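Undergrad: Before we start, here is the structure in question, set down as structure tokens.
Nothing in this text is a laboratory measurement; each read-out follows from the coordinates by a stated rule. From a predicted model like this one, the values you see are computed outputs, not experimental measurements. As a convention, Cβ positions derive from the backbone with ideal geometry for all residues, glycine included, and neighbour counts pool all protein chains shown.
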Amino acid sequence: MVDFQESTQTKAPPTVYVVQDTQKDLQTAKQFGELHIILTWKDVRESVEHVVKKLDRKLANIRANDYLLLIGDPLAIGLALYTALEYTGGYINALKWDREKREYFVHIIEPIE
């Protein structure tokens, strides 16, 4: 599990974890960091167990300054968000596309106190 306090001190550039490769143009998401595809279309057709194992493996090094781009299959997005929150202690920077403004917005998710 990532120590949220420690990981906010890192100087490494952020990574954008893309939940699923949808073949959409993600150039505008690159402004937030280097893109890393987590799941392919083939992965989401596999069992939930397969998806969870791959998410667990691919998100194991997620840091507090990284982003999770919420795109793809709704179940995959939910499982990826859950997995990322587990690794970061409940904190994540989620990227969501705004169709009207045609840009990504950051939604900071953190525990409710």
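Undergrad: Under 16 Å from the Cα of K54, which aspartates and glutamates turn up, not counting those fewer than eight places away in the same chain?
TA: Straight-distance partners of K54: D21, D43, E46, D73, E86.
Undergrad: Let me ask you something else. Could you order the peptides 63-73, 80-90, 101-111, 47-57 from most to least packed, using the average number of other C-beta atoms within 10 Å per residue?
TA: Top to bottom by mean Cβ count within 10 Å: 63-73, 80-90, 47-57, 101-111.
Undergrad: Note down the magnitude of the dipole of region 16-109 about its Cα centre, charges +1 on Lys and Arg C-beta and -1 on Asp and Glu C-beta and zero elsewhere, to the nearest 20 debye.
TA: Here the size comes out at about 100 debye.
Undergrad: Let me ask you something else. How much net charge surrounds G33 when only the other residues with a Cβ under 14 Å from the Cβ of G33 are counted, with Lys and Arg +1 and Asp and Glu -1?
TA: Around G33, the surrounding residues sum to +1.
Undergrad: Looking at the chain, what % of its DSSP beta bridges pair antiparallel, to the nearest 5?
TA: 40 percent
Undergrad: Then there is this: Assuming 0.36 nm per residue, please report the length gained on full extension of the stretch T40 to R57 beyond their Cα-Cα distance.
TA: Computed gain between T40 and R57 is 4.7 nm.
Undergrad: Send over the per residue convex hull volume for the chain, Cα only, as a whole number of Å³.
TA: 108 Å³
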